[in-house]
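Participant: The structure's right below; bear with me while I get my questions together.
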Amino acid sequence: MALEFKLPDVGEGLTEGELLAWLVQEGDRVKEGQPLARIETDKAIVEIPAPGDGVVSELKFSEGAVIHVGEVFIVLAESAETAIPASPVGVGVVGVLEEAPAEEAPVRSMLATPVVRQLAKELGLDLATVTGSGPEGRILESDVRQAAAAAGSVAVSKSPPSETTPKEAAVSELKPTARKVKKYDFFGYIDHVPFKGLRKTIARNVSRSQQTAVTVTATDEADITELQRLRERARALVVNQAVHLTLLPFLVRAVVAALKDHPYLNATLDEESEDIILKKYYNIGIATDTAEGLMVPVIKNAGDKGILELAREIQDLSAKARDRSIDLADLQGGSFTITNYGAIRGIFGTPVINYPEVAILGLGRVQELPRVRAGTIEIRQVLPISLSFDHRVVDGGQAARFIQQFIGYVEEPALIMI
């Protein structure tokens with residue numbers, strides 16, 4: 001008896017995912033919980049586990065295909081040693097099994113991101129001939145370029161790139177429909193980059209934020225000279241520990257302290273019920289620049305964590321976001337977001353609110369600037385601040401008072417510890 005296994009929703013609101021690699025082949029006997037495939041969702045790379053014991057009868061898609069939630073992507077058959085329930089069973093993250101006939105469609109497993117796959121296409125290179133040098137044999141961009149150079153390839157497509165519609169991607173027997181793609185326009189040469197995956201998700205989220213929130217941005221600056229000195233002293237104390245102590249953990253503590261007195265900035269707006277939902281927890285998102293786009297790991301219950309614990313968690317979550325190994329749960333549940341564009345030398349900005357939150361704090365590049373103190377000019381460490389907020393929920397006065405309280409904490413860092 002053959003049993004169909006449908007792609008489950010492995011994350012909140014997931015609609016589709018790209019098949020990066022099969023981890024099994026047809027004919028393999030699998031155990032319950034054994035990873036079957038790696039799927040790249042719009043937020044992370046996840047492994048889909050087997051819902052029960054069985055034998056792989058059919059792999060419905062080739063690697064690189066986009067699979068929609070609810071589509072059958074693998075068929076498992078019973079053997080003399082295995083038995084899988086024949087009736088449809090909803091099993092949460094594992095998915096759904098249904099009876100189906102078995103077919104054959106052998107595939108080969110390769111680990112490579114969509115960007116690397118696109119590069120291989122443009123270079124006319126078969127990924128099956130490339131040896132990956134990345135983690136777990138992942139094929140990197142440098143591997144593709146080296147293989148192309150060794151094969152004497154040139155950095156142009158041997159044939160026009162093709163794109164697949166969702167309907168075509170869902171049928172493994174059909175090849176993607178090819179279409180002609182111009183390599184130049186009236187003014188010169190151009191490249192085509194697929195608008196999908198994480199980039200498409202970012203576009204959808206920022207569009208939703210801009211279409212719903214009435215965004216206002218307020219700016220100010222904080223003198224963090226004393227905070228910098230405190231950080232340097234603290235760094236000397238933890239020099240032998242595996243933690244990179246930046247300013248960010250201190251600023252997270254200051255944000256949480258200010259939010260406790262200004263709860264309307266730690267909130268969401270439920271337009272359907274016409275309620276403002278004030279969050280009594282402080283889950284702080286940290287906008288993280290990755291090679292594939294902006295991701296926002298969330299530090300849960302940040303108000304209950306010390307400086308070193310915050311530093312370790314920021315360091316760990318940021319690393320996982322950059323290599324796409326982060327758990328989906330670590331990207332959800334935020335109540336307020338911080339974006340540190342100062343890390344790439346930005347000064348002021350107009351941050352886009354992380355929907356459905358109502359405020360986001362932008363931190364600029366710390367600069368040494370002359371400032372007047374007690375009638376004398378001194379060189380001080382100055383932090384630019386930009387706060388974007390949804391004017392439907394937060395008034396200008398509330399936002400200004402939040403900023404001033406935040407500044408008060410970072411200018412008198414001892415207060416952060418109280």
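Participant: Could you sort the peptides 246-254, 266-274 by per-residue average Cβ neighbour count (10 Å cutoff), highest mean leading?
Facilitator: Numbers: 246-254: 22.6, 266-274: 14.0.
Descending packing order for the listed peptides: 246-254, 266-274.
Participant: Given the peptides 296-304, 321-329, arrange them by the average over their residues of other C-beta atoms within 10 Å, most packed first. Intermediate results must be reported in sequence, preceding the final value.
Facilitator: Numbers: 296-304: 19.0, 321-329: 16.2.
Per-residue mean Cβ counts within 10 Å order the peptides as 296-304, 321-329.
Participant: Quick one: which residues, 5 or more positions from THR215 or on another chain, have an amide H under 5 Å from its amide H? H modelled 1.01 Å from N in the peptide plane, none for Pro or chain starts.
Facilitator: So THR215 has HN proximity to HIS391.
Participant: Give a residue-ordered list of calculated ³J(HN,Hα) values for segment 45-55 (Karplus: 6.51 cos²θ - 1.76 cosθ + 1.60, θ = phi - 60°; whole Hz; x for Gly, Pro).
Facilitator: Karplus values, whole Hz, x for Gly and Pro: 9, 10, 9, 9, x, 5, x, x, 6, x, 10.
Participant: Would you tell me the accessible area of ARG233, worked out with a 1.4 angstrom probe on the heavy atoms of the protein chains, in Å² to the nearest 10?
Facilitator: The value for ARG233 is about 140 Å².
Participant: Something else: May I ask you to rank PHE186, PHE348, PHE61 by accessible area, largest first, using a 1.4 Å probe over the protein chains only?
Facilitator: So, going from the largest accessible area down, we get PHE186, PHE348, PHE61.
Participant: Could you give the nm distance between label points at ALA343 and ASP289, where each point is 7 Å from its Cα heading toward the beta carbon?
Facilitator: With each label point 7 Å from Cα toward Cβ, the separation is 0.9 nm.
Participant: Starting from the alpha-carbon convex hull of segment 363-417, give the projected area averaged over all orientations, in nm². Let's see the in-between values first.
Facilitator: On the way: hull surface 20.4 nm².
Its average projected convex-hull area is 5.1 nm².
Participant: Right, another one. In terms of solvent-accessible area of protein heavy atoms at a 1.4 angstrom probe, what is the ranking of GLU16, GLU58, highest value first?
Facilitator: Solvent-accessible surface, decreasing: GLU16, GLU58.
Participant: Sorting LYS200, LYS280 by accessible area (1.4 Å probe), largest first, what list results?
Facilitator: Details: LYS200 90, LYS280 190 Å².
So, going from the largest accessible area down, we get LYS280, LYS200.
Participant: Decide, for segment 254-298, between rounded, prolate and oblate: order the square roots of the alpha carbon gyration tensor eigenvalues as a ≥ b ≥ c, take rounded if a/c falls under 1.5, and otherwise choose prolate if a/b is larger than b/c, else oblate.
Facilitator: oblate
Participant: Applying a 10 Å radius around every beta-carbon, put 407-418, 373-384, 307-318, 330-341 in order of their mean neighbour count, most first. Numbers along the way, then the final one.
Facilitator: Working: 407-418: 15.8, 373-384: 13.2, 307-318: 18.9, 330-341: 20.9.
Packing order, densest peptide first, comes out as 330-341, 307-318, 407-418, 373-384.
Participant: Bin all alpha-carbon pair distances of segment 192-320 at 5 Å intervals from 0 and give each bin's fraction as a whole percent.
Facilitator: Final binned percentages: 2, 8, 14, 17, 19, 17, 11, 7, 4, 1, 0.
The values are calculated or read from the model by the stated rules, or taken from the named source; none is laboratory data. In this text the structure is predicted, and so the values were computed from the model without any measurement. Quick reminder, even Gly has a Cβ in these numbers, built from the backbone with ideal geometry, and neighbours come from all protein chains shown. Please note that ligands, DNA and RNA were not included when accessible areas were found on the heavy atoms of the full protein model with its side chains. Shrake-Rupley method; radii C 1.70, N 1.55, O 1.52, S 1.80 Å.
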